[in-house]
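Input: a single structure, listed below in structure tokens.
Coordinate-derived values only; no laboratory data. Everything quoted here is computed from the prediction, not taken from an experiment. Cβ sites come from the backbone with ideal geometry, for glycine too, and all protein chains shown count toward neighbours.
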Number of protein chains: 2
Amino acid sequence: MSAAEPIRIGVLGRGTVGGAFVELLAARADAVEEATGRRPEIAGVLRRSEGSYDEILAGSEIVVELIGGTEPARDYVLRALRDGRHVVTANKQLIAQHGDELFEAAREAGVQIRFEAAVAGVIPVIRVIQESLSATEITRVFGIVNGTTNYILTEMANTGASYDDALARAQELGYAEADPSDDVGGADAAAKMAILARLAFHTAVGLEDVSFEGIEAIQPDDLAYAKQFGLSLKLLGVAERHEDEISVRVFPCFLYSGHPLAPVGGPFNAVMVESPSITEITMSGPGAGGTETAAAVLGDVVSIVAGDAPVHVARERLAVTGDVQSAFYLHLEVADRPGVLAQVAERLGANGVSVRSVVQWGIGDDARLVMVMHQCAERDFYSALGEIGKLDFLRAEPRAIRVIEEEFG
Amino acid sequence: MSAAEPIRIGVLGRGTVGGAFVELLAARADAVEEATGRRPEIAGVLRRSEGSYDEILAGSEIVVELIGGTEPARDYVLRALRDGRHVVTANKQLIAQHGDELFEAAREAGVQIRFEAAVAGVIPVIRVIQESLSATEITRVFGIVNGTTNYILTEMANTGASYDDALARAQELGYAEADPSDDVGGADAAAKMAILARLAFHTAVGLEDVSFEGIEAIQPDDLAYAKQFGLSLKLLGVAERHEDEISVRVFPCFLYSGHPLAPVGGPFNAVMVESPSITEITMSGPGAGGTETAAAVLGDVVSIVAGDAPVHVARERLAVTGDVQSAFYLHLEVADRPGVLAQVAERLGANGVSVRSVVQWGIGDDARLVMVMHQCAERDFYSALGEIGKLDFLRAEPRAIRVIEEEFG
């Protein structure tokens, strides 16, 4: 196969994720070509009512399965593997229920099957467990692997809404399906935990090995009382190894506020991996969403084509600029006399720097003035700071520290 | 090369990380063999006063460079690459200052150079940027990439300690070196950000492109005042792309409490990667430490040998157990009469379940009893719960929800 030959990709399914993948592939074709040396090309897209699987298979080097469910996905994927095609799938049920059969088929044919998007969306938990930590003794993998339930629980905790109202809101926003039972009952998280347990513990784990509970019975007053103990509620998946036994469970669970998963709110997912040699790694990010899932699928496609770790190529020539925006904290020690704040504020204003909050403390004849600015061009702030530094009522060098204004998640 | 041939690994350097790597490799030899099909074998360890580099090179397939600094590390690594050896290194200065030369040598020889351990220890940020996100348009990479300064700032904020006292404490605990200037002055973080910017933006970034400030000038009262604005202080590395320009900076910086990096305390590191198609991924974990760095190095070694993504093999046969420990929250609606709490507590105690905290509210003739238990065997708790469910003063089904007791970081 010459390096110039395109990567022919057959796409099964044209729902939200399928559509997002086709779009992302087109948008990032140059980047894929730069990363792999070959340009991606859609060999065909199989829709429910359109397209022939056999034709798409015949024209593809990599089959991307985004139909979901077990049949016909299982049949299509098995045939692709047996025919020597690499497969990328976002299908958690397929891997959780038919993993053994699929991995065996891939091994026999000498091809890859990758499924990063099947668990925790774009969070690269599969890659980290299978590659970074493959020689590490993992003792526990746990986390928030269902965004629908995490959104509902966050909403109930923040607004006091009932389970039904929070679910309705999740459905409005597209975070929950019309029939939400797989998500809210814990079956979706159970399938994902079966996959993570299998990879972390190198053992066959089926759906039947995972015990799970959902969040349907949670009452708003459970959340209210728990707040008094400093607890927040999450639907957790927990896979643990104890000597030669493992347990894999999904259950609603309170966390103390110091726990790394406690602040993970809304539809976000987060996974922690523990091992004696790494202590713990925590990874979090958006759990689902068409674009994010498509990005995870694309990462798998590129890895298949790129093979070994890409050696860094400086393919871009970007200029380095110091012309950036920041918000600032400013600490001034000043003589405590009228007009001081006005003069400082005037120097800031004249340079286009706007003040967000200010606190002044009197200390004998002196005062401390602590201000936080809104975001501005750094050079404007430093120009104002130069002028402020020359004001005659200053008692010490001004101290300026940047502030990140954004809040997240 | 037959599949049974051992992986001959030459180790340069026998300091903390070198020692931990040799030990981890021995402990995980079976796991490496299972993951790669080949058993690892130390071809030689080069110490300052012992061993010949030429001999180790001649006997090695992979050279692991753990000397640190730029010379002789650069010379050794270049010679290894040019001689067709794969290289794994934990050396940030080497990659930041001589990356172009090393990547070119690796490309020409058709070998790999991997350096996960050089940035943020065991947090797999290099792999995620280079592999999972290689076709994604990354707009920003930022985070806490120096554990020494994060420990010092956390200590100052929590205890009101001065910079000098917090530094002394960090040195006692082994989080800071005797000469801490590279860490506290920001140069260490700058080298790491140069590496991350290079990989994220596919462009050559040298140390001279990174502007940096350290934390030496931070005063305890800056932290105290900032608390009043809800701010916490971190030494942040920020690499951003704006169209055809990039900026790469390291500076102390306040974060609002809702920011995902705000709770990252002590010697921990955390990195966030942003892109329109993935929104954001946050990864956190221990920043350094001999064992953690050794685990990152071992992950790179295994990836070199394993090549393509490993197909899952169920090499273990672990039993699935339901016999697990949990702590519980218990919500009871009861008649408000004497002896109720005593009877509930008696049923718990008789089953070996101990109460951590309890709150009771009276509501007319009824009361709500909300309790949090210490960790116990789940079957003991459910046995107590069965008995409690039969008590005649209960007004509704008891509600039990698990609680994770651990706190982290």
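Evaluate the charge dipole of chain B about its Cα centre and quote only its size in Debye, nearest 20, assuming +1 on the Cβ of each Lys and Arg and -1 on the Cβ of each Asp and Glu. Computed charge dipole of chain B: roughly 900 debye.
Under 13 Å from a point 7 Å along the Cα-to-Cβ line of A:Ala335: which residues of region A:356-372 have their amide N that close? Within reach of a label on A:Ala335, which here means backbone N under 13 Å from a point 7 Å along Cα→Cβ, region A:356-372 contributes A:365-367.
If you plug the beta carbon distance of A:Ala377 and A:Asp30 into 1/(1 + (r/R0)^6) with R0 = 45 Å, you get a FRET efficiency near 0.90. Largest first, the three principal axis extents of the alpha carbons in region A:129-190 are 46, 24, 18 Å in whole numbers. Think of it as helices only: each DSSP H run of n ≥ 4 in chain B is worth -39500 (n - 2.57), and spread over all residues that comes to -10500 deg cm²/dmol at 222 nm. Axis angle, to the nearest 10 degrees, between helix B:147-159 and the longest C-alpha principal axis of chain B: 30 degrees. In terms of overall dimensions, the protein assembly as shown has a Cα radius of gyration and Dmax of 28.1, 86 angstrom. In order along region A:186-198, phi translates into HN-Hα couplings of x, 5, 4, 5, 4, 5, 5, 5, 4, 5, 5, 5, 4 Hz, rounded to whole numbers, per the Karplus curve 6.51 cos²θ - 1.76 cosθ + 1.60 with θ = phi - 60° and x for Gly and Pro. With Cα atoms defining each centre, region A:362-409 and region A:265-304 are spaced 39 Å apart in the structure. Helix A:163-172 and the long axis of chain A differ in direction by around 80°, with both axes built from C-alpha atoms. When only alpha carbons are used to place a centre, region B:102-167 and region A:1-57 end up 34 Å from one another.
Along region B:25-33 the Karplus relation, 6.51 cos²θ - 1.76 cosθ + 1.60 evaluated at θ = phi - 60°, assigns HN-Hα couplings of 4, 5, 5, 10, 4, 4, 5, 5, 5 Hz to successive residues, with x for each Gly and Pro.
Each 10 Å bin from zero up to the one holding the largest Cα-Cα distance in chain A carries the following percent of pairs: 4, 18, 22, 20, 16, 11, 6, 2, 0. Shape class of region A:163-291 from the alpha-carbon gyration tensor: prolate, with a/c at 1.5 or above and a/b greater than b/c.
Computed from backbone phi, the HN-Hα couplings of region A:218-226 come to 5, 9, x, 6, 4, 5, 5, 5, 4 Hz, rounded to whole numbers (Karplus: 6.51 cos²θ - 1.76 cosθ + 1.60, θ = phi - 60°; Gly and Pro given as x).
Each Lys or Arg adds one and each Asp or Glu takes one away; over the other residues whose Cβ falls under 10 Å from the Cβ of A:Ala335, this sums to -3. Which residue, B:Ala194, B:Val184, B:Val45, has the largest displacement toward the positive end of the dipole of chain B when charges sit on each Cβ (Lys, Arg +1; Asp, Glu -1)? Positive-most Cα among the choices belongs to B:Val45.
In this structure, B:Asn158 and A:Thr159 have a Cβ-Cβ separation that, at R0 = 41 Å, corresponds to a calculated FRET efficiency of about 0.80.
Bridge orientation summary for chain B: considering DSSP beta bridges with both residues in this region, about 75 percent are antiparallel. Report note on the peptides A:182-188, B:104-110: ranked by the mean count of other C-beta atoms within 10 Å, highest first, their order is A:182-188, B:104-110.
The angle between the Cα long axis of helix B:92-109 and the longest principal axis of the Cα atoms of chain B comes to about 60 degrees, rounded to the nearest 10. Under the shape rule built on the C-alpha gyration tensor, where the axes satisfy a ≥ b ≥ c, region A:51-116 is oblate, since a/c reaches at least 1.5 while a/b does not exceed b/c.
Distances between equivalent label points of B:Gly69 across the copies, with each point positioned 7 Å along Cα→Cβ, amount to 6.6 nm, shortest listed first.
One decimal place: the segment A:Asp75-A:Leu391 gains 106.0 nm when fully extended, by the rule 0.36 nm per residue minus the C-alpha distance. Classify region B:1-102 from the C-alpha gyration tensor, please: rounded if a/c falls under 1.5, else prolate or oblate depending on whether a/b exceeds b/c. Prolate shape, in that a/c is at least 1.5 and a/b is the bigger ratio.
Counting only other chain Cβ atoms within 10 Å of each residue's Cβ, the peptide A:261-269 averages 2. Around the amide H of A:Val64, modelled in the peptide plane, lie the amide H atoms of A:Gly10, A:Val11, A:Leu12, A:Val88, all under 5 Å away and 5 or more residues distant in sequence or on another chain. Largest GNM mean-square fluctuation among B:Ala377, B:Ala200, B:Ala176, using chain B with Cα springs under 10 Å: B:Ala377. Using C-alpha pairs under 8 Å with a sequence gap of at least 6, the mean separation divided by the residue count of chain A gives a relative contact order of 15 percent.
When Lys and Arg each count +1 and Asp and Glu each count -1, what net charge do the other residues less than 14 Å away from A:Gly386, Cβ to Cβ, add up to? For residues surrounding A:Gly386, the net value is -1.
The Kirkwood hydrodynamic radius of region B:249-383, based on inverse pair distances between different Cα atoms, is 21.1 Å. Which trypsin sites (Lys or Arg not before Pro) in region B:26-90 sit in a loop by DSSP (not H, G, I, E or B) and have at most 16 other Cβ atoms within 10 Å of their own Cβ? When the trypsin sites (Lys or Arg not before Pro) of region B:26-90 are filtered for loop state and at most 16 Cβ neighbours within 10 Å, B:Arg48 remain. Distances between copies of B:Gly389, taken at a point 7 Å out from Cα along the Cα→Cβ vector and listed shortest first: 7.2 nm.
Across peptide B:285-294, the average count of Cβ atoms from other chains found within 10 Å of a residue's Cβ is 3. The rotation axis taking chain A to chain B passes closest to this chain A residue's Cβ, listed with the gap in Å: A:Met283, 3. Each of B:Ala80, B:Gly59, B:Gly143 was placed along the dipole of region B:18-166 (beta-carbon charges, centred on the mean Cα), and the one lying farthest toward the positive end is B:Gly143. Where both residues lie in the protein assembly as shown, what percent of DSSP beta bridges are antiparallel, nearest 5? Beta bridges within the protein assembly as shown, antiparallel portion: roughly 70 percent. Here region B:233-265 is scanned for amide nitrogen atoms under 11 Å from the site 7 Å beyond the Cα of B:Leu173 along Cα-to-Cβ, giving B:265.
With the label put 7 angstrom out from Cα along the Cα-to-Cβ vector, A:Gly51 ends up 5.4 nm from the copy partners, going from closest to farthest.
Among the GluC sites (Glu not before Pro) within region B:238-296, those in coil by DSSP and having at most 15 neighbouring Cβ atoms inside 10 Å are B:Glu243. Summarising the label geometry, the points placed 7 Å from Cα in the beta-carbon direction at A:Glu208 and A:Arg82 lie 2.4 nm from one another. Over region B:151-225, one equal point on each Cα, no solvent: what is log10 I(q)/I(0) by the Debye formula at q = 0.14, 0.16, 0.18 Å⁻¹? Ignoring solvent entirely, the Cα scatterers give -0.54, -0.65, -0.76.
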